[in-house]
Each structure stands twice: as structure tokens, then as C-alpha cells.
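Notes follow once the structure below has been shown.
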Amino acid sequence: MRRKLCMISLVYIFIVAFSVYGPLDLIGAYTKADAFSEHFSEGASVTATGNIVRKEIKKDSTIYYVNDATVNCENGTLTNTSFIFKLDSDKIPNKSKLNIEGNISLFKRATNEGGVDERDYYNSLGYYFRLDNVAVKAVDTGVITGFDILYRLSKNIQGVYNQCLSGEEAGFLGSVCIGNKSELDIQLRELFQMVGIAHILAVSGLHVSVVCMALYRFVRNRGLGFFGSGCLAGVVAILYGMLTGGSVSSVRAIGMFLIYILADILGEAYDSRTALAVMADLLLFENPLYIKNTSFIFSFGAIIGILFIALPISENYKNICKWKQRLRISDNGFNYDEKPPIFDRVREWIVSSIIFSFGITAAMLPIVTYFYYETPLYSVVLNGLVLPLMPFLLAFGLFGGFTGLISIEAAQIILYLPHYIIYLYEVIAAHTLDIPFSKVIIGRHGLLQIVVYYLVLLVVVNFSKVVKFVKYTLLGKKPQDNPREILKGYKAMLVKTIVLSLICVVVWLIPEKQGFEVDIIDVGQGDGIYISSGDGARFFIDGGSTSSDAVGKYTLLPFLKYKGAGHIDYWFLSHMDLDHVSGVLELLSTGYRIDNIVLSSEIPSGDTLNQLIALAQANGTNIVYMSQGDICGTKHLSFKCVYPFDGITSDDINALSLSLLMEYDKDCDGECDYSGFFGGDIGAEQEKAIAASGQVGHVDLLKVSHHGSKYSSNEQFLSVLSPDVAVISCAKVNRYGHPSAEAVERLSSAAGKVYYTMNSGRVRVRVGGVDEYIGAK
């Protein structure tokens, strides 16, 4: 019966997956999102009513999540939708019904690979737009909901942590114990993410085990019946889930716990696979797009990995320990009361923890790299050190938080242990990050490769079962009855399983080989061009923006990680304007590996150049200077400096931009298969000089100079280059008026087709054609 329910649940999950990811939406997964896009546009004025289901403090404001909403505007009425809005105040209670006015703001889409897709994220949670310029017209609170008890309790507990611990420790403990991430230190979160232990910051099954399962077993051992114990622990679990914000991982864990209690009450055996599948169904019934949510995938993926990979590997080691104990007892005269030496027990516990951690790491590797494009190599050992302390951190953290509501002095004493555990975590994480190869950038592998990886890993993990089936069932051999030979067999099987699993992991860590391509990235008002040579070398031209904050951290680096680019061989910088170099300065300051930075030999001195050189020296990056006629590249791809001319000077740094002619020779036969021109911010005067120099002719790709300024894209220059494709990199809103109507008119007449990053997002150019990121979504 249990497995039948599991199979039925799996069928629905597959239908949802096909509807969401496949070509045909069988269950109307996108109905609400499509209905919204049909009714409303950016900036539309609306009135709305709905119920606040939760609120989240972000910096100095509060985000309210509204469900069961009705939205009215001049185009009509939309019912049963959901949205978010932001206020400076957190006074509106959860579960309130409100009436508000505001303007529709559409969630932003990612415009480059690796970028954050705000629309996909919120749609996966069941929210379809944001209201800005909000005016709250009315709030209806119930007698009980008006007190906002759980939210205030959460704030008060966080206040206890703030009084008893330092800022980052209080924020960490608040995130771990009560799911409050508003005060979590960003640098600490990023540190834990980089070393592979960020999962401890989320409320998950561990919390349910420490809080709810411990309570259930405690009252059961005190003589309370299954029903009474189950009701008490179940109510506590639900309240704890509400207190911590009701995240996907906590709903999954609490739901499985409630199914466990129900099985106990009914006298049925609990089946974790069925419980997991049922909880997935319940969440997907509510919102099918949860199946695209990162938290959903990680939460359910981790449990699947534990059940099908980590536990089977660990079971092999448990069998080894069991047979060792049997042999020890027989060798010592069958003294069954004799316990193994303490050293052996500690060693077995450590080895067991590491093997289990390795199993989870191997199971989660494709998921981690699919979303983050990199993986921390030492997370296996690190999790083995961190996880055993988590129950103590959580138990003392919660106990101290609740005690502090009565006595701060008592809470300070209780929270000493969490303080030292958090400090230990920080020290371990910081030192791990200093170890060479602490993280490996491998890029995103395809879905087919993920499927193949898991199929192979499942075969490897169940290798012992396959061998036994072949030997004893198909070949009819007698099972071994010698205890020492049985132990030897288990050891050999464990070694083979781990070695073969390790081979799977190592193969997965190899980045995919890329062909030749040019990616003009959408950086807003600026330039950023990634070029793969097709023979393993990676190049970049410029990398900056004046319209996007932290363009290096949030645009360039995620794109490079997505591509599996752990380093750049040559990074060309046309000149020192910030819209061309700000992201490069960021990457150098974070330690991202850039082997060589290439500048024009005529580049004028200045503060930005001095800053760049200092950062390059600190990062171990070479500075290379190119003069007119110099060539840099590989046997397949070359970049020739065609400008500035030797000895030229100018007060305008744009006029001294490094200008490059790119030529790609696929077969190394001396014939150019694809060519491109990149001119930084040169103007019409420099373009005419380049055209007259005879160094350039027809090109396949023109990266339009100076973002489409009316002072560039000279007619004579365009006539000489006669590009098949021209790409303008600029922001939709900028103070320079880019691209100008005059430049666009000249380009439209001279080029085969003109693309704009502000409309297309990332524009990728290959020998076979052009594709746009936004157009491809």
C-alpha cells in the first residue's frame, strides 16, 4: 500500500515536471503567470485586496507577501493571484486582510547566463508582481491575528541574541534557530556558501529532529500515548514552522514528521520515500512552479540523495563494523558484554561521518553545480566537522533565546556554547578558504549529463547488490559463511564503491570544452565581451558599467562561472573609463584569476590605471602592453592591435582606446573563418584613420564603438568594414542618449543586422549565427 501511494505520487510529480519544463503545459502550471501578463503592464495603477501570509525584514524595509488577492485596474479584474509589496514599517500583522493601492512593477528577468532571474524566483514561490508606491487604505485584523504573536516572538528572540552575542553571531544564530535572515551578515553567508556549509543556515530536517522528534520521544518515554504525544509534538512542529517563516525546506521536514507521527498512531510502518513523495505532491498541488524553486530542489534532492546514495554507502561501512564486532567477541571468548575500545568507537564514528558526508556530496554535486556553477572541494571533511555540533548549537540556541525572554543574564550563560561553536565554524571556514583549490569552477552541465551521472552513480552505489545477484542467483554460487571472508568482502566492496563514486565525481568536475564564441554581455551602460577561442583559451574585452552596481560580482563573475571559466588568459582593456573597467577592478580585488591584462602601450597615466596596476600586482596578474601591429592569441584565434598608432597622444582618453581586429581560423589553414572588430570608445576621427590605414576590411562582427554614440560609427569606416552583424552595448536608460538615432541610421544602412544588449540581453555570436539571451528564453 505504501509503495502504491509512493508510485501514484511520483506519477503526479512527473506530470508536473513535464508541464513546467516540457513543451506542453498539461496542468496549467503557468496559468496564473500568463493571466497576469495578459491583464497588466509595467507601471499600471491598481487597487488590490488580499491576505498577508508572511513578512520578511530586508535591511531597513519589510516585504509583505499577499495571497488570495483580487487586483483591479482599468483593463479589468484579476482574482486568485499573489503579489508582494514593501513598506518601511513592519506593523501590519500576518494573516491580516488589507486593501491597498499602488503601481505594478514587473519582476526583472535575467539578461545573461548566471544572472539572477527575479521573475523565475518569485513565480516559483507563487508571486507574480510587486506593487510600488503603495498606499494602504484599510487593514482588517482578527482578534488573535492582531497581536501578531509568532512574529513578535521571533523579533523578541532575535533581540535576545542581539543583546547576548556580537552582531554577526546574533544574525547567524537567528538564521539557524528561528529562520530570521534579516540580520544575517552577508560576508558570513558568502563565506559559508563558498566552503559548502551554507545549508546549516536554513531551517530543515535537522531542526525538526532536534526540536520536534526529541519532544515526541521524550513524552513517549514518560508514558504518554501515541495519540497524545503525537498531538503535542505535531502542534509544536506546526508552530515552530510558522515561527521560522514556513520555508519550503521546513514545510517538507515538518510534513514528513507529521506523517511519521500519523503512522505511529495508526500502527503502520513509516516509509520515508512515500512521505517524501506525498509532501512533494502537497506542495506542487498548491503551486506547480515550486518544482523550479531552488529551495524545493535542494531540500527534496538532499533527502533523495541520502536515501538512495549516502545511506547505501554508509550501510556498507556499518556492515564492516558489525562483522568486526562479531569477530572481536568470538576472539575474546564470546563475551557479549564487552564493548569496543573507546578509540575504535571514535574512529568508527569519524569514518562513518566522513563516508556519509561523501555520499551526500556525491549525490548533491550535479544540483549544486547546476545552480552555483562551482563546488567546494573540501566540503566532505568540513561537513563532517560541522554537522555533529549542529544539534548542540540549535538546542542551546533555542533554549537560550526563550530563556532570554525571562532573564537576559541566564541567556548569556546558556549562549556561551553557541558563541564558541559559531566562532569555531568561522575559523574553520576561513582557513578552509585559504587552502589551494578550496573551490572549483566547472560551469553548468546539461540535463542529459545530469541524468547519466545519476544513473551511473546509482549503479555504482548498488554495485554490491548487482554482484550478489549475479553470483548467487544467476551463477548459483554458495554464499560465503566464513566471517573473516565475509568481512574481507565487505571491505573490498566498500573500497570499490567509494573509488568508483570518486571517479564519477572527478569526471563531473571537468568543465565542458567550449567551441569558438563571442558573448557581448548585457552589463547595462558599459562593455563586457567574453571570447572563447575553441582551443581552451579564454579572452575578455573590457568589463565595466556605470548603470549596474557591483557589475563584477553580480554580472561578470556569475557569467564566467556559468561558462566554467575559472580564469581568464588575456583580459584586454581598451581604456580606463569606469564603464569599461569597474568590474575588472572588482574581480581583481576578490582574487579571481586573470593571467594577463593587456593594455595599449599609448594608454595615458591616471588614478584608475594606478589602481588597476596595484590590484594586478597583488593578484599575481601580468600587465602586457600592445603596440600597433602586435598580435596576441592562440593558433586558432588572434587579436591584432590596429590602433592607437605609435606615438599618438590626446587629451581625450576615448581617442586612445585599444582597438583590436579579431580573426578566427578554425582549421589552421591560414584562411580566416570569422572576424570581428572591437574599438572601445573611439570616435569618428579615429575610425576614419583606421579605415584609411588599410589594416581592416570586411568583418563578420562589429562591436559598435562608444555604445552607439552619434560621434562614432563613421560612414567611411562602416563602408570599409561592411559588417554582417553589429552589436551595441548600452542601457535602456542612460544620460548619454545612447544609442543615438544618427548612429543607428548609419549602422542600419551598413550592417546586415544590428543587435542591442538593452533589448536582447547577452548577444552570442558563433560562426553559424547569432542568438539573443532574452529572445531564447
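Some notes on this structure:
- What the Cα convex hull of region 226-273 gives, in volume per residue, is 47 Å³.
- Each pair of Cα atoms in region 636-761 enters the Kirkwood radius, and Stokes-Einstein at 10 °C and 1.306 mPa s then converts it into a translational diffusion coefficient of 107 µm²/s.
- Sum of -39500 (n - 2.57) over DSSP H runs of 4+, divided by residues of the chain (222 nm, nearest 500): -14500 deg cm²/dmol
- Intensity falloff of region 125-191 expressed as log10 I(q)/I(0), Debye formula with alpha-carbon point scatterers, at q = 0.18, 0.21, 0.26 Å⁻¹: -0.86, -0.91, -1.00
- The chain - charge dipole about Cα centre, Lys and Arg +1 at Cβ, Asp and Glu -1, debye rounded to 20: 4560
- Dividing the radius of gyration of the alpha carbons in region 561-677 by their Kirkwood radius gives 0.99 for Rg/Rh.
- Degrees between helix 607-619 axis and first principal axis of the chain (Cα, 0 to 90, nearest 10): 40
- Computed from the Cα positions only, the extents of region 461-613 along the three principal axes stand at 82, 28, 28 Å, in decreasing order.
- Taking the Kirkwood radius as Rh and the Cα radius of gyration as Rg, region 247-289 has a ratio of Rg/Rh equal to 1.01.
- Computed from point charges on the beta carbon alone (+1 for Lys and Arg, -1 for Asp and Glu), the dipole magnitude for region 229-302 about its Cα centre is near 240 Debye.
- Dipole of region 70-220 [Lys/Arg +1, Asp/Glu -1 at C-beta], most positive-end residue of 125, 106, 93: 93
- Hull-based mean projected area of region 154-259, where the convex hull spans the alpha carbons, in square nanometres: 7.3
- Carbon-plus-sulfur accessible fraction, the chain (probe radius 1.4 Å, protein heavy atoms only): 58%.
- Geometric extent, Cα atoms of the chain - Rg, Dmax (angstrom): 30.4, 99
- The angle between the Cα long axis of helix 416-434 and the longest principal axis of the Cα atoms of the chain comes to about 40 degrees, rounded to the nearest 10.
- Selected from 24, 311, 427, residue furthest toward positive end of dipole (the chain; charges at beta carbon): 311
- Only alpha carbons enter this Debye calculation for region 235-347, each as an equal point scatterer, and the log10 of I(q)/I(0) it gives at q = 0.11, 0.18, 0.21, 0.23 Å⁻¹ is -0.58, -0.94, -1.11, -1.23.
- Per residue, the accessible area of region 75-189 comes to 47 Å² when a 1.4 Å probe rolls over the protein heavy atoms.
- Here is the size of region 656-727 from its Cα atoms: Rg then Dmax, 12.1, 39 Å.
- Between 689, 583, 604, the Cα set farthest toward the positive side of the dipole of region 573-703 (charges on each charged residue's Cβ, about the Cα centre) is that of 583.
- Between 0 and 90°, nearest 10: helix 2-21 axis offset from the chain longest Cα axis: 10
- Over the chain, relative contact order from alpha-carbon pairs under 8 Å, at least 6 apart, %: 9
The values are calculated or read from the model by the stated rules, or taken from the named source; none is laboratory data. The model shown is predicted, which means the values in this text are computed figures rather than measured ones. Virtual Cβ from ideal backbone geometry, glycine too; neighbours counted across all protein chains shown. Accessible surface areas use protein heavy atoms only, side chains included; no ligands, DNA or RNA. Shrake-Rupley method; radii C 1.70, N 1.55, O 1.52, S 1.80 Å.
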